1. Please state which one of Ser35, Ser26 is modelled with pLDDT under 95 and over 15 Å from Arg122 (Cα atoms).
2. Inside segment 49-137, counting only helices (runs of 4 or more DSSP H) that do not spill past its ends, which hold 2 or more residues that are of a type in the set (D, E, K, R) and under 15 Å from the mean Cα position of the chain (by Cα)?
3. Based on what the data block shows, is Leu143 surrounded by fewer than 16 Cβ atoms within 10 Å (Cβ to Cβ) and farther than 27 Å from Val60 by Cβ?
4. Go through segment 80-137 residue by residue and tally those that are more than 24 Å from Leu149 (Cβ to Cβ) and among the hydroxyl-bearing types (Ser, Thr, Tyr).
5. Give segment 95-115 a look and list any residue that's of a type in the set (Gly, Ala, Ser), more than 17 Å from His42 (Cβ to Cβ) and in contact (Cβ under 8 Å) with a residue 24 or more places away in the chain, or say none.
6. Has segment 34-43 got at least one residue that is surrounded by 14 or more Cβ atoms within 10 Å (Cβ to Cβ) and of a type in the set (Lys, Arg)?
Amino acid sequence: MYGPVLIIHSWLRWATLFLAAGSTLSALRRDDDLSRRPPGAHWDAALMAAADLQVLFGLVLYFGLSSLTVDALNDFGSISGNSVLMFWAVWHVAAMLGAAVLVRVGRVLALSAKTSQQRRRRRLVAFAITTVVMLAATPWPGLSYARPLFRW
């Protein structure tokens with residue numbers, strides 16, 4: 001079960017990053033009418049769905065399937081001197097959960113905006129920060145906690 005879930009989580013990363021960048025760029029589009037859905041609302045909804053799925057698969061890995069994090073959670077004191085364990089047991093999960101929450105908060109703030117300019121700015125800020133956080137918390141090749149870009 002570990003292999004398929006990890007592959008899905010790995011590939012879904014690219015969809016989520018693509019949607020985060022697309023949502024950020026769509027927030028730059030001009031929106032003149034508050035009475036209708038903002039341009040790019042479909043990007044926002046797709047990003048929210050992808051982030052939720054990504055978190056779901058990540059939590060399944062974190063709490064049950066990954067021996068690395070299960071071992072770290074059983075002996076949390078052992079991670080303090082190990083940067084790889086610290087990344088996987090704390091930083092990766094915290095940053096990605098934060099990014100998923102930020103997507104939702106950004107949408108709610110944008111939908112409650114009083115002007116189209118406020119709505120656009122709120123979407124832009126929330127989705128740009130989300131994208132940066134996701135990029136920062138991804139285990140890119142060359143880092144001590146690196147993982148492959150594509151899993152097969």
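The values are calculated or read from the model by the stated rules, or taken from the named source; none is laboratory data. On a predicted model such as this, the values are computed, not experimentally measured, just so you know. Here the Cβ positions follow ideal geometry from the backbone for every residue, glycine too, while neighbour counts run over all protein chains shown.
1. Numbers: Ser26 fails: over 15 Å from Arg122 (Cα atoms).
Only one candidate qualifies: Ser35.
2. Numbers: elements: 67-74, 83-86, 92-111, 116-136.
Result: 92-111.
3. On the way: surrounded by fewer than 16 Cβ atoms within 10 Å (Cβ to Cβ): yes; farther than 27 Å from Val60 by Cβ: no.
No; evaluated as a whole, the condition is false for this residue.
4. Going through segment 80-137 one residue at a time, the tally reaches 4.
5. Within segment 95-115, the first condition is being of a type in the set (Gly, Ala, Ser), and the residues that meet it are 95, 98-100, 106, 110, 112-113.
Now restrict to residues that are more than 17 Å from His42 (Cβ to Cβ): 95, 98-100, 112-113.
Scanning segment 95-115 gives Ala95, Gly98, Ala99, Ala100, Ala113.
6. no
Listed here are the residues, each with its yes/no results for (1) under 18 Å from Leu19 (Cα atoms); (2) basic (Lys, Arg); (3) touching a helix residue (DSSP H, G or I) at 6+ places or on another chain (Cβ under 7 Å).
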residue	(1), (2), (3)
Leu65	no, no, yes
Ser83	no, no, no
Ala137	yes, no, yes
Ala146	no, no, no
